[in-house]
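J.: Mind having a look at this structure? Questions to follow.
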2 protein chains.
Amino acid sequence: MTVAQIVLTPIGHVESPLTDLASAPKQGFEGAPEAWLALDPRVLDGLDGIVAGDELVVLTWLDRAERDVLRVHPRGDASRPLSGVFRTRSPGRPNPIGLHRVRVLAIDGPRLRVRDLEAIDGTPIVDIKIAL
Amino acid sequence: MTVAQIVLTPIGHVESPLTDLASAPKQGFEGAPEAWLALDPRVLDGLDGIVAGDELVVLTWLDRAERDVLRVHPRGDASRPLSGVFRTRSPGRPNPIGLHRVRVLAIDGPRLRVRDLEAIDGTPIVDIKIAL
């Protein structure tokens, strides 16, 4: 590799009733409960202009995922043939960054109430973008 | 913050005729040229199953972006009011991860030819997912 390592600092974490990987939906639109994005007050200015109803893309760090896996059975279904992780949304991959499309329900200072987030409680948040 | 720092290792880099930030389109669908995703041969197995025509989401590290900016004029247009970076797609943000939706045109071992990638030449790639 010609490039160095990259260091991210989390900007907050997920607060969710989902505490168990096994019971969490695989995608947010598959029945995720409402959750909070609890952001560091130091990044509060970065939320300027976000209103209820906005659709955001949340990037998380899937800290429980394995990083040394390159092929998986999609959706953990052993009846499906192995696929390269980069052709899946599987959490296991060299840099396990989660990508979640959520809808903002309410805002309370540096905390955003959202729906359709399948990340489990405590998952670090590394970035947020407006959905295109 | 209750969470520690996160270390990413790039899985490859972008090879593109775009070498200058000022001339690069702001979004891939705004006229980006064809480019290569030049991946580390060590992650080749992760590409298994990817075929021409696939739509992928590429995550990059925008290594030239400023990390201490929390409010920006959207699209660099000073006539637009300041907005929190998390409500924009601006590269400047605490963890400048780029998100790019691309179409695979061809595959050559660990190299993927793609269109609609606005990242400039040399940009580190940190993850690839199938688009939903």
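The values are calculated or read from the model by the stated rules, or taken from the named source; none is laboratory data. Everything quoted here is computed from the prediction, not taken from an experiment. Here Cβ is always computed from backbone atoms with ideal geometry, including for glycine, and neighbour counts include all displayed protein chains.
J.: Can you work out which of the residues in region A:19-41 that are modelled with pLDDT of 95 or more and surrounded by 14 or more Cβ atoms within 10 Å (Cβ to Cβ) is farthest from B:HIS73 (Cα to Cα)?
T.: So, considering only residues that are modelled with pLDDT of 95 or more and surrounded by 14 or more Cβ atoms within 10 Å (Cβ to Cβ), the one farthest from B:HIS73 (Cα to Cα) is A:GLU34.
J.: Of all the residues that make up region B:25-68, how many are hydrophobic (A, V, I, L, M, F, W, C) and more than 10 Å from chain A (Cβ to nearest Cβ)? Spell out the reasoning first.
T.: Of region B:25-68, the ones hydrophobic (A, V, I, L, M, F, W, C) are B:29, B:32, B:35-39, B:43-44, B:47, B:50-52, B:56-59, B:61-62, B:65.
When the remaining residues are screened for being more than 10 Å from chain A (Cβ to nearest Cβ), the result is B:32, B:35-36, B:52, B:62, B:65.
Of the residues in region B:25-68, 6 are hydrophobic (A, V, I, L, M, F, W, C) and more than 10 Å from chain A (Cβ to nearest Cβ).
J.: Pairs under 7 Å by beta carbon, first residue surrounded by fewer than 19 Cβ atoms within 10 Å (Cβ to Cβ) in region B:94-105, partner among the acidic types (Asp, Glu) and modelled with pLDDT under 95, six or more apart or different chains?
T.: What qualifies is B:ARG101/B:ASP116; B:ARG103/B:ASP116.
J.: Within region B:121-132, how many residues turn out to be more than 26 Å from A:GLY28 (Cβ to Cβ) and surrounded by 23 or more Cβ atoms within 10 Å (Cβ to Cβ)?
T.: The number of residues fulfilling the criteria is 2.
J.: Where residues in region A:84-102 are charged (D, E, K, R) and assigned to a loop (DSSP other than H, G, I, E, B), which of them is farthest from the chain's Cα centre (by Cα)?
T.: Among those that are charged (D, E, K, R) and assigned to a loop (DSSP other than H, G, I, E, B), it is A:ARG93.
J.: Hey, can you tell me all the residues within region B:106-122 that are in contact with a Lys or Arg (Cβ under 6 Å, 6 or more places away or on another chain) and either under 16 Å from A:ARG87 (Cβ atoms) or free of Cβ contacts under 8 Å to residues at least 60 places away in the same chain (or both)?
T.: Selection gives B:ALA106 alone.
J.: Assuming A:ILE120 fulfils every condition listed in (1) over 12 Å from the mean Cα position of the chain (by Cα); (2) in a loop (DSSP other than H, G, I, E, B) apart from one, which condition is it?
T.: (1)
J.: Among the charged types (D, E, K, R) and in contact with a strand residue (DSSP E or B) (Cβ under 9 Å, 6 or more places away or on another chain), is that true of B:ASP77?
T.: no
J.: Then there's this: Quick one: which of B:PRO96, B:PRO110 is facing chain A (nearest Cβ under 9 Å) and in contact with a Leu (Cβ under 7 Å, 6 or more places away or on another chain)? Can you show your working first?
T.: Numbers: B:PRO110 fails: facing chain A (nearest Cβ under 9 Å).
Step by step, each of B:PRO96, B:PRO110 is checked, and only B:PRO96 is facing chain A (nearest Cβ under 9 Å) and in contact with a Leu (Cβ under 7 Å, 6 or more places away or on another chain).
J.: Sticking with this one: Would you be able to tell me the number of residues in region A:45-82 that are in contact (Cβ under 8 Å) with a residue 40 or more places away in the chain, more than 27 Å from B:ASP45 (Cβ to Cβ) and either surrounded by 15 or more Cβ atoms within 10 Å (Cβ to Cβ) or in contact with a Cys (Cβ under 9 Å, 6 or more places away or on another chain) (or both)?
T.: Residues meeting the conditions: 7.
J.: Then there is this: Looking at (1) assigned to a strand (DSSP E or B); (2) within 10 Å of the chain's Cα centre (by Cα); (3) farther than 14 Å from B:GLU55 by Cβ, which one does B:ILE128 not meet, given that it meets all the others?
T.: All conditions are met except number (3).
J.: So, A:ARG113, is that one under 15 Å from A:HIS13 (Cβ atoms) and over 14 Å from the mean Cα position of the chain (by Cα) or not?
T.: yes
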